[in-house]
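Scroll down for the structure; my scribbles are underneath it.
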Amino acid sequence: MKELVELIAKALVDNPEEVKVSEIAGEQSVIIELRVAPEDMGKVIGKQGRIAKAIRTVVKAAATKQNKRVVVEII
């Protein structure tokens, strides 16, 4: 799922080399932290958070196949 978030984020931003994704795994849940350049933050979040919500939806769908719970944090 880390690779999925990274792929989506790099496609959205102007500075793909500054996209950093880290994954913190627990027993039943996984926290994915997405870091982008400050000037690209708006592109990842989108108007009223629509793009961020879409990213979370796609990752959540991938996580249900593995019976995990995923939280995507954009930092």
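The values are calculated or read from the model by the stated rules, or taken from the named source; none is laboratory data. Keep in mind it's a predicted model, so treat the numbers as computed, not measured. Neighbour counts are summed over all protein chains in view; Cβ atoms, including those assigned to glycine, are modelled from backbone coordinates with ideal geometry. Quick note on the areas: whole protein, heavy atoms, side chains included, nothing else; ligands and nucleic acids left out. Shrake-Rupley method; radii C 1.70, N 1.55, O 1.52, S 1.80 Å.
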| note | Total charge of the residues flanking Ile74 in space, meaning their Cβ is under 10 Å from its Cβ, with Lys and Arg +1 and Asp and Glu -1, is 0
| Candidate lysines for bridging to Lys20, where Cα separation is under 18 Å - those fewer than 8 sequence places away on the same chain excluded | Lys2, Lys10, Lys43
| task | Report, ordered by chain and residue number, the aspartates and glutamates lying within cross-link reach of Lys68, taken as a straight Cα distance under 12 Å and ignoring same-chain residues fewer than 8 apart. | result | Glu27
| Rounded to 10°, Cα long-axis angle of helix 50-64 versus longest principal axis of the chain | 20
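Given a 1.4 angstrom probe, what's the average accessible area per residue across the chain, in square angstrom? All intermediate terms of the calculation are to be shown ahead of the outcome.
On the way: 4940 Å² over 75 residues.
Accessible area per residue, the chain: 66 Å².
Sequence gap at least 6, Cα distance under 8 Å: using those rules, report the relative contact order of the chain to the nearest whole percent.
Working: 99 pairs, mean separation 25.4, N = 75.
34 percent.
For the chain, which whole percent of the accessible surface, found with a 1.4 angstrom probe, sits on carbon and sulfur atoms? Mind dumping the intermediate values first?
Working: 2630 of 4940 Å².
The computed percentage sits at 53.
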| From the residues Ala62, Val19, Leu34, which one has its Cα farthest along the dipole of the chain in the positive direction, the dipole being from +1 and -1 charges on Cβ of Lys/Arg and Asp/Glu about the Cα centre? | Ala62
| message | Nearest 10 degrees is fine. How inclined is helix 2-12 to the longest principal axis of the chain, computing both from alpha carbons? | response | 20
